[in-house]
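Since the structure comes first, as structure tokens, the remarks are kept for the end.
The values are calculated or read from the model by the stated rules, or taken from the named source; none is laboratory data. Given the structure is predicted, the values throughout are model-derived calculations rather than measurements. Glycine gets a Cβ as well: all are built from the backbone with ideal geometry, and neighbour counts include every protein chain shown. Protein only, heavy atoms only, side chains kept; ligands, DNA and RNA dropped before computing areas. Shrake-Rupley method; radii C 1.70, N 1.55, O 1.52, S 1.80 Å.
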Amino acid sequence: MERLQKVIAHAGIASRRKAEQLILQGKVKVNGKVVTELGVKVGPQDKVEVDGIPIEREEPVYYLFYKPRGVISSVKDDKGRKVVTDFFKDVDKRIYPIGRLDYDTSGILLLTNDGDFANLLMHPRYEIEKVYIAKVKGIPTREQLKQLEKGIMLEDGMTAPAKVKLLSHNKQKQTAIIEIRIHEGRNRQVRRMFEAIGCKVMKLKRERYAFLDLKGLNPGEYRKLTPHEVKQLRALALSGGGK
């Protein structure tokens, strides 16, 4: 027996918090009866409906995907562009990305059908560290790198402190390769941080997500997360990103 909101979240309908709201709003039925209490538990034989539609209880699945550049971090695109789920044709479950990577950014992206798990990892409070490698136009000074480390004021507020390392630079081409570690997930955040110090990002890749990396994968390939990795990610999020 599991709590009703958890079953709804695992079905990929909504996060657990949103599922709780749906229950309180009287939009959920169990075996034909409206349920408005959050403590209700259901078993495998119980019929659960959300807004009159029976939910399909899928086994939760978790994937690590090497997103190529030029792919939308979504399950569909009204402009007909390639989306991440196009690479999962053999997966019969309704998976979706946890967070997003920009169209022009490659690297690690997690996908699941577990809404509760997705909500946990995306919540800003849990501070999961992500490591990016950026190729930028211009060679930032030590002072500019310190600015990134302390935090940059963007139009949507100050960024949290980051860890930054200059890996290499080319004086002739005036380019640099920089590693940056952040735990936020704002829209185009890394690109905007570099633009704020006068360095345009030419290429960007997310190489690590928490303890996960891209080892053994080529762009467009994916693998299942192991049960232990899923358990580790949950524990890491709940411990504040391992800080």
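Normalised by 2.2 N^0.38 Å, with N the number of residues, the alpha-carbon radius of gyration of the stretch 1-142 equals 1.28. Length gained on full extension, K89 to E37: 14.9 nm, using 0.36 nm per residue less the C-alpha separation. Assuming charge only on the beta carbon of Lys and Arg (+1) and of Asp and Glu (-1), the dipole of the chain about its Cα centre is about 880 debye to the nearest 20. Where the centre of each part is set by its Cα atoms, how far does the stretch 114-178 sit from the stretch 193-239, in angstrom? Using only Cα atoms to place each centre, the spacing works out to 13 Å. Our estimate of slack between T226 and Q25, defined as 0.36 nm per intervening residue step minus the Cα-Cα distance, is 68.7 nm.
Calculate, for the chain, the solvent-accessible area per residue in square angstrom, rolling a 1.4 angstrom probe over the heavy atoms of the protein chains. Mind showing how you got there, number by number?
Values: 13210 Å² over 243 residues.
Spelled out: the 1.4 Å probe surface of the chain, per residue, equals 54 Å².
A cut-off of 5 Å between modelled amide H atoms, ignoring neighbours fewer than 5 places along the same chain, links T105 with G70.
May I ask you to compute the full-extension gain from E59 to K215, defined as 0.36 nm times their residue separation minus their alpha-carbon distance, rounded to one decimal in nm? Could the numbers behind the result be given before it?
Details: separation 156, 0.36 × 156 = 56.16 nm, distance 2.62 nm.
Taking E59 through K215 to full extension adds about 53.5 nm, to one decimal.
In the chain, carbon and sulfur make up what percent of the accessible area (probe 1.4 Å)?
Working: 6410 of 13210 Å².
That fraction is 49 percent.
Under a model in which nothing but the beta-carbon of Lys, Arg (+1) and Asp, Glu (-1) is charged, the stretch 65-168 shows a dipole of about 400 debye around its Cα centre.
For the stretch 196-207, backbone phi angles converted through the Karplus equation (6.51, -1.76, 1.60; θ = phi - 60°) give residue-by-residue couplings of 5, 9, x, 10, 7, 6, 8, 8, 9, 9, 8, 8 Hz, Gly and Pro being listed as x.
What GluC sites (Glu not before Pro) in the stretch 132-166 are in a loop by DSSP, with at most 15 other Cβ atoms within 10 Å of the Cβ? The partial results should precede the final answer.
Details: sites: E143, E149, E155; in loops: E155.
Here the GluC sites (Glu not before Pro) that fit, given the DSSP loop and packing criteria, are E155.
Ranking S239, G138, G151 by how far each Cα lies toward the positive end of the dipole of the chain (charges on Cβ) leaves G138 at the top.
Close Lys pairs in the stretch 1-99 (alpha-carbon distance under 18 Å; sequence gap of 8 or more, or different chains): 20. Per residue, the chain reaches -6000 deg cm²/dmol at 222 nm when only DSSP H runs of four or more residues are counted, each adding -39500 (n - 2.57).
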